[in-house]
Amino acid sequence: MAVPKRRRSKARKRSHKANWKAVAPTLVGCKNCGSKILPHFACPDCGFYKGRQVITVKQKAVNQEEA
């Protein structure tokens, strides 16, 4: 089993961990509907990618309660 030969100092450990950052994903607007999506992904709202329909999206049924 691999075991480190020397203990990692606090300064070296902290400088190593300083590069781990949480980064927000890059979002772009869909050219068809305008919703925010990840680049190089088909839009989950309208199903378009690069200007053409690639997936069929089911329409959400809107329940209207009549009182």
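Read-outs throughout are calculated quantities, based only on the coordinates presented, and are distinct from any laboratory measurement. Remember, it's a predicted structure, so these values are computed and weren't measured experimentally. Quick reminder, even Gly has a Cβ in these numbers, built from the backbone with ideal geometry, and neighbours come from all protein chains shown.
For Cα pairs less than 8 Å apart in space and 6+ apart in sequence, what is the mean separation divided by the residue count of the chain, i.e. the relative contact order in percent?
Working: 45 pairs, mean separation 10.0, N = 67.
RCO, the chain: 15 percent.
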Exercise for review: Can you pull the one-decimal nm distance between simple spin-label points at R52 and T26, each 7 Å off the Cα toward Cβ?
Suggested key: 2.5
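Taking loop as defined by DSSP and a crowding limit of 14 other beta carbons within 10 Å, which trypsin sites (Lys or Arg not before Pro) in the chain fit?
Values: sites: K5, R6, R7, R8, K10, R12, K13, R14, K17, K21, K31, K36, K50, R52, K58, K60; in loops: K5, R6, R7, R8, K21, K31, K50, K58, K60.
The qualifying sites are K5, R6, R7, R8, K21, K31, K50, K58, K60.
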**Study point:** Positive-end extreme of charge dipole, the chain - chosen from C46, V28, Q59 (charges on Cβ)
**Key:** V28
Review point. Which number gives the lysine pairs in the chain that have C-alpha atoms under 29 Å apart and are eight or more places apart or on different chains?
Key: 14
**Study point:** Contour excess over end-to-end distance, with Cα ends at N19 and V3 and 0.36 nm allotted per residue
**Key:** 3.4 nm
